[in-house]
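Notes follow the structure.
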Protein chains: 2
Amino acid sequence: MFETLLAHIDRFVKLSDTEQQILTNHLSLQHIGKKEYILNEGDVCNANYFIMKGLLRMYFIKDTGQEQTIQFALENWWITDYTSLESRQPSGYFIQAIENSEIAVLTKANREILFQQIPQLERYFRLLLQRMHAANLMRIQYLFDLSVEERYHQFNARFPEFVQRIPQYMLAVYLGFTPEVLSKIRAKK
Amino acid sequence: MFETLLAHIDRFVKLSDTEQQILTNHLSLQHIGKKEYILNEGDVCNANYFIMKGLLRMYFIKDTGQEQTIQFALENWWITDYTSLESRQPSGYFIQAIENSEIAVLTKANREILFQQIPQLERYFRLLLQRMHAANLMRIQYLFDLSVEERYHQFNARFPEFVQRIPQYMLAVYLGFTPEVLSKIRAKK
């Protein structure tokens, strides 16, 4: 049931059959329909979510009332609000499905149990977080350094799958410009 | 010699005296003068750096030729270029001292040895990286959501120590506006 996740973990650390069994015993499977939520603003975030199938996004509501997507996640990505997860304070984010999705849910409590029983999982998450940190810095760099058009082409080159599956207006807002600008860039191409 | 770092680790995980000894045996102390570098663009980043005393910044050179600071680090912060550290590719960043600084250097090779001998250190870095990831997302959120003035006040409220010690022009660029705008905001206050 959780083969996708086991295969992903196997790229970073090696777990024994017993450890894989312990791990999957502490996961639950969640099906979530398009436009449904696994996290609402004001709720305490309780789990890490691994996308086995589908596409999700995390967003917040700007002072202007507009939605601002801050992160996308498709197959083989984890998503959560670490601020709320760790502090147990209400989240300022929404996490919503863009497509019908299948998600492995690892609650905070189960994750702590697993870290005790399978220390290699600390390593797995540490390695993933290093990559996420580096990617975030690169994203901040692009916001400062690249023109609107360069930002689109760069994202397109790095994440072609996202560009194909994310609605155009949502991608535009994520990259920091209007859907109209995105249409123009695409038409030019 | 590394008391500051040991105290910081102790806030997250508990190490035995023997483990603390093993750890400090794998660190080296580096003194670095104001404006000197511990990482130059084009070099492969080889270590994680923990600031015991002083203040550093990580920056890149924009297409326009201007320096864009992307991260500051003072006492009790770690700094590195994880992209270069993990990929062994040349870094796109500079890491430079803003003040005379005292740094604990943990090389990549020694960190791997330590992870084998003290698995709790994986947890320590995993917890730090979670916080950094959350802080990065918040920073991206502020870039999208806050006015220039709000961004300054928000940074000032969260990191008063940084604001006192970072040169005004450097802080302005970090927050994404010109030194002139920052002067105006400060004058208003």
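Just give me the residues in the range A:1-25 being touching a residue at least 12 places away in the same chain (Cβ under 8 Å) and over 18 Å from A:N76 (Cα atoms), in sequence order.
A:E19, A:I22
Among the numbered conditions (1) free of Cβ contacts under 8 Å to residues at least 40 places away in the same chain; (2) within 28 Å of B:D10 (Cβ to Cβ); (3) surrounded by 19 or more Cβ atoms within 10 Å (Cβ to Cβ), tell me where B:R131 comes up short.
(3)
Going residue by residue through the range B:110-119, is there one that turns out to be surrounded by 19 or more Cβ atoms within 10 Å (Cβ to Cβ), in contact with a Lys or Arg (Cβ under 8 Å, 6 or more places away or on another chain) and at the interface with chain A (Cβ under 9 Å from one of its Cβ atoms)?
no
Go over the candidates B:F125, B:F155, B:F162, B:F177 one by one and state the one that is over 28 Å from A:D81 (Cα atoms) and of a type in the set (F, W, Y).
None of the other options fit; the residue is B:F177.
Considering only residues of the range B:68-79 that are more than 9 Å from chain A (Cβ to nearest Cβ) and either of a type in the set (A, V, I, L, M) or in contact with a Cys (Cβ under 6 Å, 6 or more places away or on another chain) (or both), which is nearest to B:F177 (Cα to Cα)?
Checked the range B:68-79; the qualifying residue nearest to B:F177 (Cα to Cα) is B:A73.
Taking A:N100 and the conditions (1) within 29 Å of B:M58 (Cβ to Cβ); (2) more than 12 Å from every other protein chain (Cβ to nearest Cβ), which numbered condition does it fall short on, given that it satisfies the others?
Answer for A:N100: the failing condition is (1).
A short reminder: the numbers here are calculations on the coordinates, not readings from a lab. Quick caveat: nothing in here was measured; it's all calculated off a predicted structure. Methodologically, a virtual Cβ is constructed for each residue, glycine included, from the backbone with ideal geometry; neighbour enumeration extends over all protein chains shown.
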